[in-house]
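Below: the structure, in structure tokens.
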Amino acid sequence: MHRVWLLVATVAFAFGRVAVADPRDLIDEAIRAHAGLTGSLVLERGDEALLARAWLVDHARSDIEVQYFIWSTDNIGILASEALLRAAQRGVAVRVIVDDLLIDAPDATLLALAAHPNVDIRIYNPMHSVGVPWYRRLWSAVTDFRASNQRMHDKVLIVDGELAITGGRNMADEYFDYNQAYNFRDRDALVMGAVVPAMRDSFERFWASDLALPVEQLLADSADAELGPDAVEATYRELMAYAADGANFEPEVRAAISAVPDDFSRLAARLVWGQVDFVSDLPGKNSGTYGLGGGGLSSAALAALIATANEEVVIQSPYLVASEPAFALFEELRARGVRIRISTNSLASTDNLKAFSGYLDQREQLLEAGVEVFEYRPIPKVQHEIMSRYSAVRAAAPVFAVHAKTLVVDRRVAFVGTYNLDPRSENLNTEVGVVIHDAQQAAAVADAIATDMLPGNSWNAATDGPDRYTSTSKRLRAWLWSWLPIDAVL
């Protein structure tokens with residue numbers, strides 16, 4: 001049997017297989033009792049992050065807005081689509097924006113979902129995939145290289161304008177610790193209350209943007225464009241049959257099903273109420289008059305946040321390619337005695353050799369500037385703690401890689417979002433995230449990153465020679481990439 005029972009367990013029990021009293025009234029009361037404040041909870045574990053998303057979708061009353069960079073057709077992607085479909089069928093208005101670059105859903109599935117009267121799907125900057133023939137992709141890359149590389153990296157789920165999740169996780173197995181070969185160490189934030197209207201305003205800007213086009217328009221010339229009602233219903237039945245198939249379940253799943261009210265209650269009980277700000281870019285990022293540069297609102301906001309540091313900046317980013325302004329900021333902080341520690345991927349763990357080559361080209365410069373860098377091991381000891389509930393996955397020992405995009409300043413404020421420390425996030429991709437002004441949560445996040453930096457989980461870039469723990473061919477390929485002038489798009 002394909003080993004997805006743990007995935008199906010979490011999704012199935014969380015996505016409404018138990019009839020319980022709707023606790024949304026209690027959430028509404030909590031929001032009213034904390035007027036002007038935001039309840040927030042940082043989600044470190046993949047199972048918690050998936051449970052929170054699933055619970056929100058299943059308890060939506062009027063509308064759901066979804067924005068993602070990657071939406072795969074693996075188990076997570078399929079089950080998430082099925083959950084949104086069920087929400088639509090009970091009358092919830094569902095709007096979805098997905099970036100065009102890495103979407104892999106078949107045309108027929110996209111059109112069938114969009115055919116539902118309560119579902120609307122738009123594709124951001126369609127120059128690579130949906131409804132785009134190969135010759136147009138090539139032409140776009142040649143004639144408008146910047147636009148071709150300008151992607152929507154946002155990851156947001158908003159329910160009823162009052163509850164939301166944002167962070168590093170895309171809709172795919174590996175972001176929730178369910179891939180059998182390769183998983184990401186990631187981080188999200190669950191929020192409710194005062195900050196959510198700003199998140200919804202950002203979604204509305206993208207929805208109204210000329211860059212976000214209806215999937216029906218993009219696939220008007222597709223062979224599936226005239227999808228009939230029978231074919232649409234067949235797609236719906238397939239999605240629902242997949243999610244309900246008892247053959248995927250083990251005894252542990254049935255136990256998890258009975259625990260759903262308690263599981264979400266435990267998450268909700270950990271919410272902290274206080275000030276939370278939302279950081280986001282405008283559609284298109286910037287005017288484009290500076291070529292592949294130009295910055296953006298998110299870049300400016302995070303630079304301003306880092307500049308407030310008095311003692312320490314802790315960063316976790318899968319890619320580490322510092323621009324000239326970033327280097328200048330680091331040097332200014334170090335001159336003031338601020339300690340800078342960064343957790344990133346090693347050559348052995350990275351999923352992006354090109355991005356690593358940019359870091360390889362400047363690693364010594366970072367270390368000479370006094371920045372402490374820790375490169376993640378592909379099989380870190382902390383993996384067993386993070387995935388302790390999943391013995392089947394743990395036994396498989398999949399590669400683990402950093403994917404969390406997190407910043408903590410002086411253990412008093414934390415940013416959790418989508419922003420990588422690289423030129424692409426700085427200048428090309430639109431990014432989002434929340435800034436949580438709470439010392440307790442900020443300290444906990446800083447401690448979690450510090451754990452990832454421990455010798456059993458990471459190599460010290462200054463003393464351990466991390467590159468030697470991978471193959472000669474991979475080291476050679478990274479070295480060759482480092483000679484190419486591609487830093488601006490890393």
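The values are calculated or read from the model by the stated rules, or taken from the named source; none is laboratory data. Computed from a prediction, not measured in an experiment: that's the story for all the values here. Note that we place each Cβ from the backbone using ideal geometry, even for glycine, and neighbour counts take in every protein chain shown. Keep in mind that these areas ignore ligands, DNA and RNA; they rest on the heavy atoms of the full protein, side chains included. Shrake-Rupley method; radii C 1.70, N 1.55, O 1.52, S 1.80 Å.
Of note:
- Spherically averaged projected area of the convex hull of Cα atoms, the stretch 438-490: 6.0 nm².
- Rounded to 5, percent antiparallel among DSSP beta bridges of the chain: 60
- Candidate values [x] 0.95; [y] 1.00; [z] 1.39, label of the one derived for Cα Rg over 2.2 N^0.38 Å: [x]
- Across all C-alpha atoms in the stretch 24-83, the radius of gyration and Dmax reach 14.0, 41 Å.
- The length gained by stretching the chain between HIS34 and PHE327 to full extension, at 0.36 nm per residue less their Cα-Cα distance, is 101.5 nm.
- Sorted on the mean count of surrounding Cβ atoms within 10 Å across their residues, most packed first, peptides 123-134, 370-381 read 370-381, 123-134.
- Between the Cα long axis of helix 260-269 and the first principal axis of the chain there is an angle of about 40°, rounded to the nearest 10.
- Computed [θ] at 222 nm, helices only, for the chain once each DSSP H run of length n ≥ 4 contributes -39500 (n - 2.57): -11500 deg cm²/dmol
- According to the Kirkwood relation over distinct C-alpha pairs, the hydrodynamic radius of the stretch 168-210 is 12.8 Å.
- Sparse-neighbour loop sites [chymotrypsin sites (Phe, Trp or Tyr not before Pro); the stretch 456-490; at most 11 other C-beta within 10 Å; DSSP]: TRP483
- Extension gain, ARG266 to GLU233: 0.36 nm times the residue separation minus the Cα-Cα distance gives 8.1 nm.
- Descending by average beta-carbon neighbour count within 10 Å, the peptides 227-233, 410-416, 203-209 line up as 410-416, 203-209, 227-233, the highest first.
- Checking every one of the trypsin sites (Lys or Arg not before Pro) in the stretch 289-367 against DSSP loop status and a limit of 12 other Cβ atoms within 10 Å picks out ARG336.
- Relative to the longest principal axis of the Cα atoms of the chain, the long axis of helix 229-244 lies at roughly 70 degrees.
- Per residue, the chain exposes 39 Å² of accessible surface when a 1.4 Å probe is rolled over the protein heavy atoms with every protein chain present.
- Between 0 and 90 degrees, the angle of helix 75-89 with respect to the longest Cα principal axis of the chain falls at about 50 degrees.
- Over the stretch 287-415: Kirkwood hydrodynamic radius from C-alpha pairwise inverse distances, Å: 16.2
- Extension reserve of the ASP25-ASP104 stretch, reckoned as 0.36 nm per residue once the Cα distance is removed: 24.7 nm
- Computed from the alpha carbon positions, the gyration tensor of the stretch 14-169 leads to an equivalent ellipsoid with semi-axes of 32, 18, 14 Å, biggest first.
- Exposure ranking of THR38, THR235 by accessible area [1.4 Å probe, largest first]: THR235, THR38
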